[in-house]
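As structure tokens, the structure follows; a few thoughts come after it.
The values are calculated or read from the model by the stated rules, or taken from the named source; none is laboratory data. Note that the coordinates shown come from a computational prediction; the quantities given were computed from them, not determined experimentally. Every residue, glycine among them, receives a Cβ derived from its backbone with ideal geometry; neighbour counts consider all protein chains shown. Quick note on the areas: whole protein, heavy atoms, side chains included, nothing else; ligands and nucleic acids left out. Shrake-Rupley method; radii C 1.70, N 1.55, O 1.52, S 1.80 Å.
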Amino acid sequence: MSYSKKTEIFGQNIDIKFNDCISDGEEQTFNDRALTLYIHINKMCNARCKFCNIYKTCSPRVSFDLQKLSVVLQELITKNKLGRIAITGGETFLDVHLLDNVLATIYENVNNPVVTINTNASMLYKIYELKNIEVLSEIRISRHHYLDEENNSIFGINCATLSELSTAVTKYGNLIKLNCNLIKGHIDSVEEISKYLDTVSSIGISEVGFVGLMPFNEYCQEHYVDYLTFIFPTSFLRVRNLKDSNICQCDNYIYISQNTCMTMQTYFRQVRKLECAYCRQFSYSYDNKLIGGFGEQIIY
């Protein structure tokens, strides 16, 4: 059975992921599926992360075509291919007005959308300017250390403090979730992961994702941390693991905080290869192109 299946989108036959993600020991199954649409509202970032190349390849702001985005959303809905929507950049809060308009466009076109945004939280105060925040299912904040100073050093800029995050959590509750890159010399062991979870649980965070660095550059390769080598104590209960062929793997755990006794959801994910012969997600680029995956296959 092929791991992809051709689907006609905007007059092109696109090879789209057809295999299911499966757990250890399960036989491979196949099904038609909707895919995540990543909306890149810019290609600019104010951070200077060593594991990311965006700040080295920033592009000037171009006119973001909301009408074309509407057409793309309707096409994917018609073809039953629109799944979760993830708004990203660059840094999403560099243009909060555009971010708000994108949320409004999604609301106008999609029934009961599942929408997330990613941010480094350096401009978290702008969250209070969003008029369409009710469209969001999650605000995923990248925070790569539990200590404010260490987190700032990784980003190369000042990001939201734990105190500022606590204020946002008080207002928005479980809408606020954290992502943390596993980086050698920073969060790189079960002990450090536990400290991270215990610290953020104290401000009401209930979900954290830990992600292995993707092989974008030499820094990522040298500072890669493989969570599969960890031996987790009984405070971590694995509830699910999924693999997508030889491309990526994720493992979901329930964690009981040793400080707050709070139950937290946490997951670990690693991507083994960046390139894939078929489309596993869609991207709507900052310069108004629908792309298969994150590559150069322009669909519309």
> If you check I41 against the conditions, is it in contact (Cβ under 8 Å) with a residue 24 or more places away in the chain, touching a helix residue (DSSP H, G or I) at 6+ places or on another chain (Cβ under 8 Å) and of a type in the set (A, V, I, L, M)?
Replying inline: yes
> Of all residues in segment 154-176, which are in contact with a helix residue (DSSP H, G or I) (Cβ under 7 Å, 6 or more places away or on another chain), farther than 20 Å from C52 by Cα and open to solvent by less than 30 Å² (accessible area, probe 1.4 Å)?
Replying inline: A168, I176
> So which residues in segment 134-153 are closer than 30 Å to N111 by Cβ, of a type in the set (A, V, I, L, M) and open to solvent by 40 Å² or more (accessible area, probe 1.4 Å)?
Replying inline: none
> Within the set of pairs 6 or more residues apart or between chains, which connect a residue that is open to solvent by 10 Å² or more (accessible area, probe 1.4 Å) inside segment 177-188 to a residue that is basic (K, R) and at pLDDT 95 or above with Cβ atoms less than 8 Å apart?
Replying inline: K177/R140; N179/R140; N179/R143
> If you take just the helices (runs of 4 or more DSSP H) that sit entirely in segment 144-245, which of them hold at least 2 residues that are of a type in the set (S, T, Y)?
Replying inline: 162-172, 190-201
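Given the criteria within 30 Å of Q74 (Cβ to Cβ), assigned to a strand (DSSP E or B), touching an Asp or Glu at 6+ places or on another chain (Cβ under 9 Å) and modelled with pLDDT of 95 or more, does K131 qualify?
Values: within 30 Å of Q74 (Cβ to Cβ): yes; assigned to a strand (DSSP E or B): no; touching an Asp or Glu at 6+ places or on another chain (Cβ under 9 Å): yes; modelled with pLDDT of 95 or more: yes.
Taking the combined requirement at face value, the residue does not satisfy it.
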> Restricting to segment 105-132, what's the tally of residues that are open to solvent by 20 Å² or more (accessible area, probe 1.4 Å), under 21 Å from K43 (Cα atoms) and touching a Lys or Arg at 6+ places or on another chain (Cβ under 9 Å)?
Replying inline: 1
> Of the residues in segment 254-290, how many are without any contact (Cβ under 8 Å) to a residue 24 or more places away in the chain and crowded, with 19+ Cβ neighbours inside 10 Å?
Replying inline: 0
>> Looking only at strands (runs of 3 or more DSSP E) that lie completely in segment 1-75, which have at least 3 residues being modelled with pLDDT of 95 or more and under 24 Å from the mean Cα position of the chain (by Cα)?
In response: 35-40
